[in-house]
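The values are calculated or read from the model by the stated rules, or taken from the named source; none is laboratory data. Quantities reported herein were computed from a predicted structural model and do not represent experimental measurements. Every residue, glycine as well, gets a Cβ built from its backbone with ideal geometry; the counts of neighbours run over all protein chains shown.
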């Protein structure tokens, strides 16, 4: 099927022709035949790299031609940025693209001027809760990676959000893109959509298992890859790939394994690098070092300089982007990654090696085999259209018995069916409150009717179980004053003012209850909440991922809990209640990380002390800022003091002690610049407008353009640094607290810390 046959909007076929696209892949043609361009809903369950993005684009552009707005829903923030960059090639044709992933209590009104909107499912859910006006104008919504409805964390939000969008827009076209799953027909029935299933790929994918000295493929083919005496299978497989001019993705089960594997594999790759690429790799490595001064960054940069990398959630967004771009450019030849890289990010490779097919699971009680769907998602990264003649996905086995197990378990197996996770209590109480608060239901019966639109209802026989889990969640919400039940049978539902606030803030109701209990405790005990107490309070909520307790941590943080008990907003659980006490200490460890950050501890000191990566520090501080902002709103709702909460929020957001907050209010003045300015007697915005320019320039290490921008942002009428004496620019500020004012020895770290507070 050629593009000329489709009757696409003006300019679209020509643009695709310029990109070398003349005709559709078979799955794309099948989607068109199913009514994709004619407002019909479609579920496309097809392999990775088979053209799902173009299916989405054709649907959205056709919908825009008919009138309305198109929405592209992604599961991850990183995917939102990637898709925005892809879709912006249509701006020349007059289509404006917007992306929105944060600020859950905003209505996103500015997005009304965009034609294509890219957002995470959580953001879309929050926009519905906050009555974003453009939601009613939607003509087409694309749900990327829709099989993630099976995910306990993300699935319920995606499921309820699609149900709400369809309720708000009865004629809405839904295009759901999925990996190949065992029950795509369930998803299609739920969405009243035509099902397109295919196993076609633009290049062949060979799946097999390496054992002994060869890869044995499912088609009975065989490729010799010998392992030297004392050598490792993974190293031999990567060497074989690079020798052929290909690149490799190696999937392992932990961050530590990813880092150690990358270091080892970098030696393999370095021996095979052309001399001309070493300088380019050195440049990428320097950018990684400039982004953060942590050990993780140094280790990553060292590996990248040798042509390999690791990839996991502990990296900062900048580091992840640099690694992914270098890999796509075939500069970095090998990445050792945790499964996070398999979740839709565009990083195809010649060969994918699934080294670790088990992952630790506390509920399982040990190392649990990965699901078939997850392993197939990893395998689907193999093969780059236009670059590779084929893709290879290889598991590694140590014995004949393990080889036979892996063939049966993953190579020959079909992916599991996806199952709704909406009935999980945390998800249900959150979405029930939001459903009533948003006006989708005003009674128990109306609520059950709305839930009947979900995949959970599609997959559950009768209403019995749905009714039971709904009633349990409603009882919890009523007991915590988030909603009121009335009528003879308690079937009439009304969300309280407090409940509306909780829903608007996008909080788990249990998080809100935890915060409110802590604030009430402080008032009863006549305690002024301290930053540590507030950080510990929000770290106890289900909306914060707490740090794990490692060996020796229980004793360490038990002592901290004893020493600072007066600051903690609630009674310490008994040490004999292992689960509650460990959760309390885990929250305290997380709170201490936040406190160190707010006391200006260097990032490398924090990552070393807590055993985390720079991405973890950013994630924890961002989560704490959001939760403390919500706590401030809740405190105002119930009449508790808000000033301590607001100050703790500002300090963790900017990573500074209280004395620097007036300076960090100035745009482009972050924690390190603020400390240098403060030590030179510049303590607030007004001082920046009056201080000697040479003093400002010295504090900012002689960076004239930076000094001019800071002065301009502070409101100085004449920010120019022309002719200013730079005699003091080499001066260094004295140390303060944990801060290491001499950390900019390279001359670059001042700007390089932008991801954690310098701008």
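Quick check, is residue 175 buried (at least 21 other Cβ atoms within 10 Å of the Cβ) and under 19 Å from residue 28 (Cα atoms)? Yes, satisfied.
Residue count for the stretch 183-201 satisfying the condition of being crowded, with 16+ Cβ neighbours inside 10 Å and not in a strand (DSSP E or B): 10. Across the stretch 493-506, the qualifying residues are those that are modelled with pLDDT of 95 or more, touching a helix residue (DSSP H, G or I) at 6+ places or on another chain (Cβ under 7 Å) and not in a helix (DSSP H, G or I), and the one among them that is surrounded by the most Cβ atoms within 10 Å (Cβ to Cβ) is 493. Residues in the stretch 202-214 that are assigned to a strand (DSSP E or B) and touching a residue at least 60 places away in the same chain (Cβ under 8 Å): 205, 206, 207, 208, 209, 210, 211.
Rundown of residues vs (1) without any contact (Cβ under 8 Å) to a residue 60 or more places away in the chain; (2) in the same structural domain as residue 313 (by TED's automatic domain parsing); (3) touching a helix residue (DSSP H, G or I) at 6+ places or on another chain (Cβ under 9 Å); (4) in a helix (DSSP H, G or I), yes/no style:
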site	(1), (2), (3), (4)
535	no, no, yes, yes
543	no, no, yes, no
546	yes, no, yes, no
558	yes, no, yes, yes
569	yes, no, yes, no
575	yes, no, yes, no
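Can residue 313 be described as in the same structural domain as residue 254 (by TED's automatic domain parsing) and either farther than 16 Å from residue 262 by Cβ or assigned to a helix (DSSP H, G or I) (or both)? It is false that residue 313 is in the same structural domain as residue 254 (by TED's automatic domain parsing) and either farther than 16 Å from residue 262 by Cβ or assigned to a helix (DSSP H, G or I) (or both). On the basis of being crowded, with 24+ Cβ neighbours inside 10 Å, over 20 Å from residue 219 (Cβ atoms) and in contact (Cβ under 8 Å) with a residue 60 or more places away in the chain, does residue 399 make the cut? So residue 399 fails the test.
From the list 518, 533, 490, which one is out of contact with any strand residue (DSSP E or B) (no Cβ under 7 Å at 6 or more places or on another chain), surrounded by fewer than 20 Cβ atoms within 10 Å (Cβ to Cβ) and more than 28 Å from residue 124 (Cβ to Cβ)?
490
Considering the stretch 346-371, and only residues there that are over 18 Å from residue 210 (Cβ atoms) and buried (at least 19 other Cβ atoms within 10 Å of the Cβ), the residue that is nearest to the chain's Cα centre (by Cα) turns out to be 347. Of the residues making up the stretch 680-694, those that are in a helix (DSSP H, G or I) and surrounded by 18 or more Cβ atoms within 10 Å (Cβ to Cβ) are 687, 688, 693. The residues in the stretch 27-53 that are in a helix (DSSP H, G or I), closer than 24 Å to residue 347 by Cα and at pLDDT 95 or above can be counted, and the count is 2. The set of residues in the stretch 215-226 being surrounded by fewer than 16 Cβ atoms within 10 Å (Cβ to Cβ), touching a strand residue (DSSP E or B) at 6+ places or on another chain (Cβ under 9 Å) and in a loop (DSSP other than H, G, I, E, B) consists of 218, 219, 221, 226.
Mind telling me which of the residues 148, 162 ends up being under 23 Å from the mean Cα position of the chain (by Cα), under 23 Å from residue 436 (Cβ atoms) and either assigned by TED's automatic domain parsing to the domain that holds residue 57 or not in a loop (DSSP other than H, G, I, E, B) (or both)? Only one candidate qualifies: 162. Restricting attention to the stretch 372-390, the residues being surrounded by 16 or more Cβ atoms within 10 Å (Cβ to Cβ) and in a loop (DSSP other than H, G, I, E, B) number 5.
Which of the residues spanning the stretch 260-273 are under 26 Å from the mean Cα position of the chain (by Cα) and surrounded by 20 or more Cβ atoms within 10 Å (Cβ to Cβ)? Result: 261, 262. Selection of the stretch 450-473 for residues being within 15 Å of residue 432 (Cα to Cα) and surrounded by fewer than 17 Cβ atoms within 10 Å (Cβ to Cβ) yields 452, 467, 468, 471, 472.
Being outside the structural domain of residue 79 (by TED's automatic domain parsing), in a helix (DSSP H, G or I) and free of Cβ contacts under 8 Å to residues at least 40 places away in the same chain narrows it down to one residue among 262, 258, 236; which is it?
Result of the check over 262, 258, 236: 236.
Could you tell me whether residue 293 is in contact (Cβ under 8 Å) with a residue 40 or more places away in the chain, within 29 Å of the chain's Cα centre (by Cα) and part of a loop (DSSP other than H, G, I, E, B)? Taking the combined requirement at face value, the residue satisfies it. Among the residues of the stretch 462-486, the one identified as touching a strand residue (DSSP E or B) at 6+ places or on another chain (Cβ under 8 Å) and assigned to a loop (DSSP other than H, G, I, E, B) is 482.
For the stretch 427-445, which positions are out of contact with any strand residue (DSSP E or B) (no Cβ under 8 Å at 6 or more places or on another chain) and in a helix (DSSP H, G or I)?
Of the residues in the stretch 427-445, the ones out of contact with any strand residue (DSSP E or B) (no Cβ under 8 Å at 6 or more places or on another chain) are 427-432, 434-435, 438-440, 445.
Passing the criteria: 427, 428, 429, 430, 431, 432, 434, 435, 445.
Can you tell me which residues in the stretch 409-426 are crowded, with 23+ Cβ neighbours inside 10 Å and either free of Cβ contacts under 8 Å to residues at least 40 places away in the same chain or in a helix (DSSP H, G or I) (or both)? If the condition is that a residue be crowded, with 23+ Cβ neighbours inside 10 Å and either free of Cβ contacts under 8 Å to residues at least 40 places away in the same chain or in a helix (DSSP H, G or I) (or both), then 410 is the only one that fits. Of all the listed residues (651, 676, 709), the sole one being in a helix (DSSP H, G or I), touching a residue at least 12 places away in the same chain (Cβ under 8 Å), under 31 Å from the mean Cα position of the chain (by Cα) and surrounded by 17 or more Cβ atoms within 10 Å (Cβ to Cβ) is 651. The residues on offer are 314, 276, 283, and the sole one that is modelled with pLDDT under 95 and under 31 Å from the mean Cα position of the chain (by Cα) is 314. Residue selection: residue 309 satisfies the criterion of being free of Cβ contacts under 8 Å to residues at least 60 places away in the same chain and more than 24 Å from residue 147 (Cα to Cα).
Checking the stated criteria, residue 308 turns out to be surrounded by 24 or more Cβ atoms within 10 Å (Cβ to Cβ), touching a strand residue (DSSP E or B) at 6+ places or on another chain (Cβ under 6 Å), farther than 18 Å from residue 615 by Cβ and modelled with pLDDT of 95 or more.
For the stretch 597-609, enumerate the residues that are touching a residue at least 24 places away in the same chain (Cβ under 8 Å), surrounded by fewer than 20 Cβ atoms within 10 Å (Cβ to Cβ) and in a helix (DSSP H, G or I). Answer for the stretch 597-609, where residues must be touching a residue at least 24 places away in the same chain (Cβ under 8 Å), surrounded by fewer than 20 Cβ atoms within 10 Å (Cβ to Cβ) and in a helix (DSSP H, G or I): 604, 605, 608. A residue that is without any contact (Cβ under 8 Å) to a residue 24 or more places away in the chain, outside any helix (DSSP H, G or I) and in the same structural domain as residue 190 (by TED's automatic domain parsing) occurs somewhere in the stretch 74-95.
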